[in-house]
1. Identify, by number, the condition in (1) loosely packed, with under 14 Cβ neighbours inside 10 Å; (2) touching a Lys or Arg at 6+ places or on another chain (Cβ under 6 Å) that residue 122 doesn't meet.
2. Return yes or no: is residue 49 under 18 Å from residue 26 (Cβ atoms), outside any loop (DSSP other than H, G, I, E, B) and without any contact (Cβ under 8 Å) to a residue 60 or more places away in the chain?
3. In the range 31-46, how many are in contact (Cβ under 8 Å) with a residue 12 or more places away in the chain and either under 15 Å from residue 69 (Cβ atoms) or surrounded by fewer than 22 Cβ atoms within 10 Å (Cβ to Cβ) (or both)?
4. Looking at this structure, is residue 31 modelled with pLDDT of 90 or more and not polar (S, T, N, Q)?
5. Inspect the range 23-30 for any residue being over 24 Å from residue 123 (Cα atoms), polar (S, T, N, Q) and under 14 Å from the mean Cα position of the chain (by Cα) and give the result as yes or no.
6. Exactly one condition in (1) at pLDDT 95 or above; (2) farther than 28 Å from residue 122 by Cα; (3) not basic (Lys, Arg) is false for residue 64; which is it?
7. Since residue 81 meets every condition but one in (1) more than 26 Å from residue 37 (Cα to Cα); (2) in contact with an Asp or Glu (Cβ under 9 Å, 6 or more places away or on another chain); (3) among the charged types (D, E, K, R), which condition does it not meet?
Amino acid sequence: MKKYKLFFLAPLALSACATEQASLTLYSNPGGAYITDQRGQHIGFAPAVVYFNSANLKKFRNEAGCYLVVGFKAEWVSGAKQQTGETLPMCGSEDGEFTFHMNRDMNAPGLEKDLEFALKMQTLQAQQQQSKAAKDAAAFQLMNLYRVPDAGKPTSK
């Protein structure tokens, strides 16, 4: 088996002008686990998305055709933890969008606390989505107030 240097496996932050990218969405069960990579880099609360430069990613393809990226750790508010191996294979995506689910050991103490936190996170996300929708609607209305009518278009009476 080939040896891979992990410093090349790090997620890459990409600018808007970057070329092709791949993404990995990390989910947790129950939701709301805090995700870090195996080196300790903070990713965020699950679901969390990590982006990779596709050209760099292709350098780390294994014999099975999977891309090997640095592994991840999940920690729930109860202190329950789960982790992948040192590397995580990303396989089977035609469009460069990968997913991975990190499942909590349901026998670890504090499950009730984690379920309650997951529910609160879902409520917060729903509120944020509603707020964004209202903000977008208001911005659209404002844009229409300032929009210059198309001079070449006939007006209706």
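1. So residue 122 meets the others, but not (2).
2. In short, yes.
3. Qualifying residue count, the range 31-46: 10.
4. So residue 31 fits the description; yes.
5. Yes, some residue in the range 23-30 is over 24 Å from residue 123 (Cα atoms), polar (S, T, N, Q) and under 14 Å from the mean Cα position of the chain (by Cα).
6. For residue 64, the exception is condition (1).
7. (1)
The values are calculated or read from the model by the stated rules, or taken from the named source; none is laboratory data. Note that the structure is predicted; figures quoted are calculated from it, not measured. Quick reminder, even Gly has a Cβ in these numbers, built from the backbone with ideal geometry, and neighbours come from all protein chains shown.
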